[in-house]
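What follows is one structure encoded as C-alpha cells, with my remarks underneath.
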Amino acid sequence: IVRDSTMLLAGRPGYGKSTFALQVAAASGLKAIYIAGEEAAEHVRARYDRVCGTNGRLDIWERIDLEAICPVIGGYPLAVVDSLQVLYAGTVHGNTGGPLQMRGALIALTRLAHARQTTILILSHANQKGQPAGSLFHQHLVDAVLVFRGRPEDETRELYLQKYRHGRSLEALPMRMT
C-alpha cells in the first residue's frame with residue numbers, strides 16, 4: 001500500500017473484491033474506514049469478523065454522497081470505497097454511475113488522498129471484457145489499477161496490476177478464493 005494514493009480494484013460481481021479489500025484493510029494494521037454503498041454495514045461487519053477476526057480497526061459507514069464521505073475519509077490513513085458506481089456528487093451533473101459522476105468522484109477522491117496522505121482503495125464493477133467499468137480516461141485519474149480475472153466457477157482468481165504510477169505494472173498474482 002502506497003501512502004496518499006488511489007487504487008481502483010475492478011472485477012465482476014462475486015469475484016471477491018469486497019472480501020479482498022477487507023483483508024487488505026485488516027493486514028495493513030492501519031485504522032481504516034469502509035464506505036459501504038452496495039451492502040448494509042451489518043453485512044460488511046459480519047464478513048469482516050468472519051474473515052479477518054474481531055480485533056480489527058475498521059469503521060464502517062453506509063453512505064453514497066461524496067460531499068459527506070470526503071471529510072470523513074480524510075481522517076483515516078486507509079479508506080475503502082465500495083463502489084465507484086454508486087457514489088453521488090451533488091456538484092456534478094449526470095446520473096449516479098454515469099461517466100460524469102464517476103469522473104467527478106475519482107477526481108475528488110484522488111485530490112483528497114494526495115492532500116490528506118490517505119490511501120483510498122476504490123472498488124469498481126468490471127465490463128464484459130473484464131476491464132474496469134467506465135471510460136479508459138477514468139483509469140488515468142488514479143495511481144493504480146488492479147483487476148480480478150478468472151472464471152466464475154473456479155476458485156482461483158488472478159489479480160492483475162494493470163497500471164502502477166509508482167513502478168512496474170502488468171504483474172499477476174494468482175489467488176485462491178475460499
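Each residue of the stretch 148-155 is assigned a 3J(HN,Hα), and the resulting list reads 7, 10, x, 9, x, 7, 8, 7 Hz, derived from the Karplus form 6.51 cos²θ - 1.76 cosθ + 1.60 (θ = phi - 60°), x at Gly and Pro. Along the stretch 54-62 the Karplus relation, 6.51 cos²θ - 1.76 cosθ + 1.60 evaluated at θ = phi - 60°, assigns HN-Hα couplings of 9, 9, x, 10, 10, 9, 10, 10, 9 Hz to successive residues, with x for each Gly and Pro. Between Ala41 and Leu136, the FRET efficiency estimated from the beta carbon spacing at R0 = 41 angstrom works out to 0.80. Karplus-derived 3J(HN,Hα) values for the stretch 93-103, using 6.51 cos²θ - 1.76 cosθ + 1.60 with θ = phi - 60°, are 6, x, 7, 4, x, x, x, 5, 5, 5, 4 Hz; glycine and proline are entered as x. Amide H contacts of Ile122 (H built 1.01 Å from N, in plane; Pro and chain starts excluded): Met7, Leu8, Leu9, Val81 sit under 5 Å, all sequence-distant by 5 or more or on other chains.
According to the square roots a ≥ b ≥ c of the eigenvalues of the Cα gyration tensor, what is the shape class of the stretch 68-149, taking rounded for a/c under 1.5, prolate for a/b larger than b/c otherwise, and oblate for the remainder? Cα axes put the stretch 68-149 in the oblate bin. The overall shape of the stretch 1-53, judged from the alpha-carbon gyration tensor, is oblate: a/c is not under 1.5, and a/b is no greater than b/c. Taking all protein chains as they are arranged and a probe of 1.4 Å, the heavy atoms of Glu153 leave approximately 130 Å² accessible to solvent. In deg cm²/dmol and to the nearest 500, what is the mean residue ellipticity at 222 nm of the chain if only DSSP H runs of at least 4 residues count, each as -39500 (n - 2.57), divided by the residue total? Rounded to the nearest 500, the figure is -9000 deg cm²/dmol.
From largest to smallest, the equivalent ellipsoid semi-axes obtained for the chain from the alpha-carbon gyration tensor read 22, 20, 16 Å.
In terms of the mean number of neighbouring beta-carbon atoms within 10 Å, the peptides 49-55, 157-163 order highest first as 157-163, 49-55.
For the set Phe148, Phe20, solvent exposure ranked by accessible area (probe 1.4 Å, protein chains only) runs largest to smallest as Phe20, Phe148.
Each of Ala68 and Gln128 was given a label point 7 Å from its Cα along the Cα-to-Cβ line. The distance between the two points is 3.6 nm.
Length gained on full extension, Arg165 to Arg151: 2.2 nm, using 0.36 nm per residue less the C-alpha separation. Per-residue SASA remark: Arg151, around 140 Å² accessible (1.4 Å probe; ligands, DNA and RNA not included). Rolling a 1.4 Å probe over the protein chains gives Ser28 an accessible area of about 40 Å².
Give me the extension gain from His93 to Arg111: residue separation times 0.36 nm, minus the current Cα-Cα distance, reported in nm with one decimal. Intermediate results must be reported in sequence, preceding the final value.
Working: separation 18, 0.36 × 18 = 6.48 nm, distance 1.92 nm.
Fully extending the segment from His93 to Arg111 adds 4.6 nm.
What the chain shows is 50 Å² of accessible area per residue, with the surface traced by a 1.4 Å probe over protein heavy atoms. Peptides 136-142, 73-79, ordered by how many other C-beta atoms sit within 10 Å of their residues on average, highest first, read 73-79, 136-142. Residues whose amide H falls under 5 Å from that of Lys163, counting only those 5 or more places apart or on a different chain, are Val145, Leu170, with hydrogens built in the peptide plane.
Under 5 Å from the amide H of Ala89 lie the amide H atoms of Leu66, each residue being 5 or more positions distant or on a separate chain, with H modelled from the backbone and absent for Pro and chain starts.
The values are calculated or read from the model by the stated rules, or taken from the named source; none is laboratory data. The shown structure was predicted, so the numbers you read here are calculated from the model rather than taken from an experiment. Cβ coordinates were reconstructed from backbone atoms using ideal geometry, including for glycine residues, and neighbour counts include every protein chain displayed. Quick note on the areas: whole protein, heavy atoms, side chains included, nothing else; ligands and nucleic acids left out. Shrake-Rupley method; radii C 1.70, N 1.55, O 1.52, S 1.80 Å.
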